[in-house]
Amino acid sequence: MEKSQNMPVTFPPAHRPSGLRKFFVFVLFVVLIVSIAVSVLVEHSDDFTTEEHVARVTALAKKRYIKGDGKYTDLQVYPIYNQDDKLQYFLIELEPVGYVFVYMRPNNIFSSMYLRGSDKHMLWARYAVEKGSFIGLKDENGKTLWWLDNARWTELDENNEPIKYYSSPYKVANVLNEKMYLLDVKQKGTRGTIAAVKRDGKYLNLVSMEYIDYQEEVDERLWSTFIFSSHTAPKSMFNL
């Protein structure tokens, strides 16, 4: 009877990942970590209610403008909607007088979601579009702030000068308790913004005080736009 012989058992050599495979694994790991960090750090405007946005803007505005130097003593913040009926801006009404517009970015990381306009050159006056006319608005020192053709003043004082306002068109029109809009418009190739409220399906232009059949783009200049200093570029110097 033959004795069985113990045959040696062999195993294939252990597979070791190549250097290239290690590199790809590392890259995937880094991408995963960065994606998680970004998802945690990025703020989305849709994550907050209108009331929460107003509270956040109010806190930032008070920190910036209420400094105890007497220039501004108090403020109130109001939401403003765009032509798509979406919340996009805020109005800061400053006391005793003044206003600032705030633009809200949809997403934010490492900066502010809220970008402020300027609190300088807040002066404005009511006007309507009229072909052949030419107007210019001057400040209290006689410096011309802007010129505009095909327009006429609609409110004049006893000296035949335009009545000038330092509060926002919304406050002047006494519509702060209504839903307020800033409508983007392109008229004859020129972009502008219309301050408005909506009544009975039509927009009331708060600069000309005329009801308008709003369209986002028209081939001729039809409506008065609200001219103000605004910063909407995502630059940290404009953060609220």
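The values are calculated or read from the model by the stated rules, or taken from the named source; none is laboratory data. Predicted model only: the values in this text are computed from it and were never measured. Backbone-built Cβ (ideal geometry, glycine too); neighbour counts: all protein chains shown. All accessible areas refer to the heavy atoms of the entire protein, side chains included, with ligands and DNA or RNA removed. Shrake-Rupley method; radii C 1.70, N 1.55, O 1.52, S 1.80 Å.
The figures follow:
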quantity	calculated
Low-density loop cleavage sites - trypsin sites (Lys or Arg not before Pro) in segment 129-212, where at most 11 other Cβ are within 10 Å (DSSP)	Lys143, Lys188
Using distinct alpha-carbon pairs, which all enter the 1/r mean, Kirkwood radius of segment 45-169 in Å	16.7
Qualifying aspartates and glutamates (Cα of each under 19 Å from Cα of Lys71; at least 8 residues distant if same chain)	Glu93, Glu95, Asp119, Asp139, Glu140
Accessible-area composition of segment 52-109, carbon plus sulfur, in percent [1.4 Å probe]	49
At q = 0.09, 0.17 Å⁻¹, base-10 log of I(q)/I(0) for segment 110-219 (Debye sum, equal scatterers on each alpha carbon)	-0.28, -0.98
Where chymotrypsin sites (Phe, Trp or Tyr not before Pro) fall in DSSP loop in segment 153-212, at most 16 other Cβ within 10 Å	Tyr166
